[in-house]
Amino acid sequence: MTGLLLGCIADDYTGATDLSSMLVRAGLRVIQCFGVPTCSDHLQDADAIVIALKSRSIEAKEAIRLSLDGLRFLQSAGAHRIFFKYCSTFDSTPHGNIGPVADALADALAVDQVLFCPSFPENGRTVYCGNLFVNGVPLNESGMKDHPLNPMKDSNLVRVLQAQSHRKVGLLPLSARIQFNDVCHYIVDAIFDNDLRDVAELARDHTLMTGGSAVAQHWAKVLKDGLKKSDAQQDVAEPTTIVASSSSINTEGSTESGPLETRAQNRSIVLAGSCSTATRAQIAEFGKTYPVLKLDIASSTDAFKTASRALNWIDEQEVAQPLLVCSGASEDEVNAAREALGEEQAAQLTELVFATIATKLTERGFRRIIVAGGETSGAVMNALNIQSVRIGREIAPGVPWVTTFEPPYLTLALKSGNFGGPRFFYDATENGT
């Protein structure tokens with residue numbers, strides 16, 4: 001396949017890597033960029049470009065600006081089909097940013113009707129009668145009801161999206177077809193993977209599609225199949241990923257000068273800024289075998305002192321064993337930080353602490369880092385000035401290993417707080433890449 005099949009905009013970093021891994025499953029060559037790139041000269045061999053933004057929980061006007069910048073770049077790179085990726089739990093405030101960004105993209109593309117399909121059955125996210133369920137539990141009764149930034153108090157996505165959008169929102173039930181009426185945005189029911197295939201087929205001729213990574217995989221397959229049938233593209237490439245970098249890298253991820261020579265380079269460490277129920281369960285499971293440091297974020301507003309204490313603890317541990325540093329391993333600890341600092345300041349402080357730790361760890365020679373939480377992942381990637389990554393194998397559905405092509409050549413996993421089973425951290429650190 002030659003030419004750009006799909007351009008994607010993701011509203012956080014972990015969601016972007018989730019999306020990239022699913023597009024690789026679909027057989028596409030994927031470039032993932034962090035932020036909007038400044039040029040497209042090095043992107044000519046990609047089938048899909050994923051632009052990772054940190055726009056989920058910022059002001060709506062800024063999220064729209066960043067997303068439209070991303071759209072313009074993707075169009076300049078040759079993308080005629082656009083996918084807007086948000087979380088499969090539809091994380092958003094009452095006023096955005098899913099609705100405002102989708103409205104802006106639809107307006108810019110002159111699109112009348114848009115499908116919204118967050119379902120990810122493989123990870124227990126399903127939509128029925130317009131209501132989102134997490135492992136069979138209504139969204140507003142799941143752990144998402146206590147999300148520190150975007151608590152979800154309503155499982156009915158038609159209501160949630162309508163509160164955010166200036167367009168009329170309706171429901172598209174299973175096996176239904178789009179009606180040409182005054183409904184512009186459709187929340188689409190999908191319970192099983194076969195439903196996602198039907199949704200993707202329904203959107204075969206659409207310019208804009210929105211949803212979780214699972215439906216993006218199927219939409220990519222539909223678009224790719226359409227190109228084959230029309231003989232518009234030939235010589236389909238093997239699934240792979242590309243990185244937006246001019247660095248000279250061998251297949252092992254080392255520079256031509258040879259492998260890094262530090263004792264720490266093969267150590268695995270987990271930085272868990274996420275406070276989700278799933279992440280706390282993963283921390284508890286990991287702690288049965290390996291050392292865990294629980295940071296008291298509420299005890300000090302000096303992020304650098306908190307980070308320094310964590311780094312001193314890391315230095316004291318045995319070199320050979322995996323480690324985990326977290327911001328809150330229990331609900332009480334998480335709530336204490338929120339009450340002492342306020343939710344916004346607690347979140348900002350947590351991001352700065354983990355960004356500082358990650359930066360210092362790479363200086364110490366750490367080369368394998370697992371980061372939990374979308375906001376934390378964004379802060380870490382920005383602090384490390386990582387522009388692009390190659391997508392590797394999946395650790396769990398929607399959570400791949402990624403490797404950088406710029407010094408210091410890191411291997412990372414960026415995990416959405418709600419993804420992965422209880423043994424995720426254990427499996428990731430034990431099995432490596």
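Quick look at the values:
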| quantity | calculated |
| --- | --- |
| Options Thr350, Thr362, Thr376; residue that is of a type in the set (Ser, Thr, Tyr) and under 15 Å from the mean Cα position of the chain (by Cα) | Thr376 |
| Selection count, the stretch 14-32, where residues are open to solvent by less than 10 Å² (accessible area, probe 1.4 Å), under 17 Å from the mean Cα position of the chain (by Cα) and modelled with pLDDT of 90 or more | 11 |
| Condition broken by Asn385, with the remaining ones in (1) closer than 21 Å to Pro322 by Cα; (2) without any contact (Cβ under 8 Å) to a residue 24 or more places away in the chain satisfied | (1) |
| Pick from the stretch 388-412, criterion closer than 15 Å to Met22 by Cα, in contact with a Pro (Cβ under 9 Å, 6 or more places away or on another chain) and not charged (D, E, K, R), ranking: least open to solvent (accessible area, probe 1.4 Å) | Ile391 |
| Among (1) of a type outside the set (D, E, K, R); (2) surrounded by 20 or more Cβ atoms within 10 Å (Cβ to Cβ); (3) modelled with pLDDT under 95, the one test that Val215 misses | (3) |
| Top-ranked residue in the stretch 393-412 [being part of a strand (DSSP E or B) and touching a residue at least 60 places away in the same chain (Cβ under 8 Å); ranked as nearest to Ala358 (Cα to Cα)] | Thr411 |
| Gly7 vs. criteria surrounded by 21 or more Cβ atoms within 10 Å (Cβ to Cβ) and of a type in the set (Gly, Ala, Ser) | yes |
| Selection status of Ala244, closer than 30 Å to Val137 by Cβ, part of a loop (DSSP other than H, G, I, E, B) and either modelled with pLDDT under 95 or within 20 Å of the chain's Cα centre (by Cα) (or both) | no |
| Which numbered condition Ala46 fails, given (1) small (Gly, Ala, Ser); (2) under 30 Å from Leu149 (Cα atoms); (3) modelled with pLDDT under 90 | (2) |
| Members of the stretch 170-204 found to be within 26 Å of the chain's Cα centre (by Cα) and open to solvent by 70 Å² or more (accessible area, probe 1.4 Å), listed by number | Phe192, Asn194, Arg197, Asp198, Glu201 |
| Filtered residues of the stretch 218-233 (kept if at pLDDT 85 or above and either outside any helix (DSSP H, G or I) or of a type in the set (Val, Ile, Thr) (or both)) | Val222 |
| Condition broken by Cys39, with the remaining ones in (1) open to solvent by 10 Å² or more (accessible area, probe 1.4 Å); (2) modelled with pLDDT under 95; (3) of a type in the set (A, V, I, L, M, F, W, C); (4) under 19 Å from the mean Cα position of the chain (by Cα) satisfied | (4) |
| Scan of the stretch 362-392 for residues that are at pLDDT below 95, outside any helix (DSSP H, G or I) and of a type in the set (Val, Ile, Thr), ordered by number | Ile386, Val389, Ile391 |
| Yes/no for Ile58 being at pLDDT below 95 and among the β-branched types (Val, Ile, Thr) | yes |
| Cβ-Cβ under 7 Å pairs, at least 6 apart or on other chains, the stretch 299-318 side under 19 Å from Ser268 (Cα atoms), far side surrounded by 15 or more Cβ atoms within 10 Å (Cβ to Cβ) and of a type in the set (Val, Ile, Thr) | Ala307/Val353; Ala307/Thr356; Ala307/Ile357; Ala310/Val325; Ala310/Ile357; Leu311/Ile357 |
| Selection count where residues are closer than 20 Å to Leu352 by Cα, open to solvent by 70 Å² or more (accessible area, probe 1.4 Å) and not in a helix (DSSP H, G or I), scope the stretch 279-321 | 3 |
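The values are calculated or read from the model by the stated rules, or taken from the named source; none is laboratory data. Computed from a predicted structure; not experimentally measured. Quick reminder, even Gly has a Cβ in these numbers, built from the backbone with ideal geometry, and neighbours come from all protein chains shown. Quick note on the areas: whole protein, heavy atoms, side chains included, nothing else; ligands and nucleic acids left out. Shrake-Rupley method; radii C 1.70, N 1.55, O 1.52, S 1.80 Å.
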